[in-house]
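Have a look at the structure below before the remarks.
The values are calculated or read from the model by the stated rules, or taken from the named source; none is laboratory data. Nothing here was measured: the structure is a model prediction, and the numbers come from that model. Backbone-built Cβ (ideal geometry, glycine too); neighbour counts: all protein chains shown.
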Amino acid sequence: MSAFDYRDDQLFVEDVALAEIVDAVGSPCYIYSRRTLVDAYHAFADALADRPSLVCYAVKANGNLALLATLADLGAGFDIVSQGELERVLAAGGDPMRIVFSGVGKTETEMRRALEVGIRCFNVESAAELTRLDRVAAALGVRAPVSLRVNPDVDAKTHPYIATGLKENKFGIPLGEAAACYARAREYPHLTFIGVDCHIGSQLTDLRPFADALDRVLPEVVRLRRAGLALTHVDVGGGLGIRYHDERPPTVAAYVALVRERLASHGLEDVELVLEPGRALVAAAGLLATRVEYIKDTDSKRFAIVDAGMNDLIRPALYGAWQNVIPARRRPGPIQEYDVVGPVCESADVFGRGRPLAIEPGDILAIAEAGAYGFTMSSQYNARPRPPEVLVDGARFHIVRERETYEDLMRGERIVRKAQWS
């Protein structure tokens, strides 16, 4: 049963009416269902319960502390790409030994901090990064655990902005170069090579790219182990897609079954399997609530102008992404087609075109599947404070991030008068 459903024509989030939340916290606002997040995590964890495995949530999808704490309490690991994400996970009670650090541009400061707290593994993405990490680990007198992120040159058939597994992408190390790096492991006395990592992109709705990547990477894992390298885990990344509109993504069970079958076929049943789902865990757990400010008719269009903007949710503007727009209250009356647009001074500030709705000014709309890459990619463009975030747990809801104020917009800034230059 979905945590988002209609009861007597009112949209509910678990056992709380959406309108009740908006009345309390204002609009726009992000609203998350704890139950949906927990169920999504269990879909992965339960499918892997009988083998060595770790589900590392990709924090970039949504870094709200309340969501991270929920996942930490469930035993999740975390995939991070910055020190800021590391600090968030630690603040939420995440176990450092369940953290993997990805990303192409790790600084010395980030490496040092991660080593100091004792993270599980660095997913290294270049030979230059190996050299830097070895130097930082030497300065601290420790050994850094390393997994090389290999680039299998597989077309993930996804949006080019979120494809990461082609040779022209900035991510990972080509297979041949990665093999040479592993062969030179003794040249890095302060690194311990413990795994292989691969991530080919996001919002994948077909299992074939996953299979292609595994078929290229796993034989290399076997060869390296036979050569004497003690690799104890294979990290297959994340990227499993969800349904926004008419996509037909594979189920978590089908995806996990594929990975398990490929590992078994290469004799790798004993290695720990690490997964890095992000969108698949949190996207369906969240929505963005927004109020209709104006209905505007022109010769060619009918616009519903809402109080949320592309600064609050940039996916439609950035990727041309389709997200469902539904009313908080289903009202009788004629259904008409609207372009649902925001107040930001950009023509790209559109949440949906030609959406069939029966609405009036003042109505609340919900933009669905906004739990991933929603608030985390938001900005203060047009000097707009970012919205609050709310977590619903059964019949109760909690504000888990306050709405920003205008003072927040200017915090840290300084005015320098002309006289001060003389």
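Screening segment 55-68 for residues that are among the hydrophobic types (A, V, I, L, M, F, W, C) and crowded, with 23+ Cβ neighbours inside 10 Å and picking the one that is farthest from SER378 (Cα to Cα) gives VAL55.
From the list ALA72, ALA58, ALA40, the lone residue that is in contact with a Ser or Thr (Cβ under 9 Å, 6 or more places away or on another chain), at pLDDT 95 or above, within 25 Å of GLU369 (Cα to Cα) and small (Gly, Ala, Ser) is ALA58. If we scan segment 95-103, do we find a residue that is assigned to a helix (DSSP H, G or I), under 25 Å from HIS190 (Cα atoms), of a type in the set (A, V, I, L, M, F, W, C) and not assigned by TED's automatic domain parsing to the domain that holds ASP197? For segment 95-103, residues assigned to a helix (DSSP H, G or I), under 25 Å from HIS190 (Cα atoms), of a type in the set (A, V, I, L, M, F, W, C) and not assigned by TED's automatic domain parsing to the domain that holds ASP197: present.
The residues listed here are TYR32, TYR41; of these, the one that is touching a residue at least 12 places away in the same chain (Cβ under 8 Å), under 21 Å from the mean Cα position of the chain (by Cα) and not in a helix (DSSP H, G or I) is TYR32. Within segment 313-356, the set of residues being of a type in the set (Val, Ile, Thr) and in a loop (DSSP other than H, G, I, E, B) comprises ILE314, ILE335, VAL344.
Among the residues of segment 402-422, those identified as over 30 Å from LEU391 (Cβ atoms), charged (D, E, K, R) and assigned to a loop (DSSP other than H, G, I, E, B) are GLU413, ARG414, ARG417. Scan segment 44-83 for residues that are in a helix (DSSP H, G or I), among the acidic types (Asp, Glu) and closer than 20 Å to VAL236 by Cα and the total you get is 1.
Residue by residue, here is whether (1) surrounded by 18 or more Cβ atoms within 10 Å (Cβ to Cβ); (2) modelled with pLDDT under 95; (3) among the charged types (D, E, K, R); (4) farther than 25 Å from ALA40 by Cα holds:
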{"site": "VAL274", "(1), (2), (3), (4)": "yes, no, no, no"}
{"site": "ARG279", "(1), (2), (3), (4)": "yes, no, yes, no"}
{"site": "LEU287", "(1), (2), (3), (4)": "yes, no, no, no"}
{"site": "GLU293", "(1), (2), (3), (4)": "no, no, yes, yes"}
{"site": "ASP299", "(1), (2), (3), (4)": "no, yes, yes, yes"}
{"site": "ALA308", "(1), (2), (3), (4)": "yes, no, no, yes"}
{"site": "ILE314", "(1), (2), (3), (4)": "yes, no, no, no"}
{"site": "TYR319", "(1), (2), (3), (4)": "no, yes, no, no"}
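Per-residue answers, yes or no, for (1) without any contact (Cβ under 8 Å) to a residue 24 or more places away in the chain; (2) polar (S, T, N, Q):
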position: ALA47; (1), (2): no, no
position: ASP50; (1), (2): yes, no
position: LEU54; (1), (2): no, no
position: VAL59; (1), (2): no, no
position: GLY77; (1), (2): no, no
position: GLN83; (1), (2): no, yes
position: THR109; (1), (2): no, yes
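If you go through segment 176-207 and keep only what is within 29 Å of LEU140 (Cβ to Cβ), part of a helix (DSSP H, G or I) and within 28 Å of the chain's Cα centre (by Cα), you end up with just ALA178.
Screening segment 208-312 for strands (runs of 3 or more DSSP E) wholly inside it with 1 or more residues that are among the basic types (Lys, Arg) and out of contact with any helix residue (DSSP H, G or I) (no Cβ under 8 Å at 6 or more places or on another chain) returns the ranges 286-297, 302-306. Of everything in segment 136-148 that is in contact with an Asp or Glu (Cβ under 8 Å, 6 or more places away or on another chain) and free of Cβ contacts under 8 Å to residues at least 60 places away in the same chain, the residue that is nearest to GLY94 (Cα to Cα) is ALA144.
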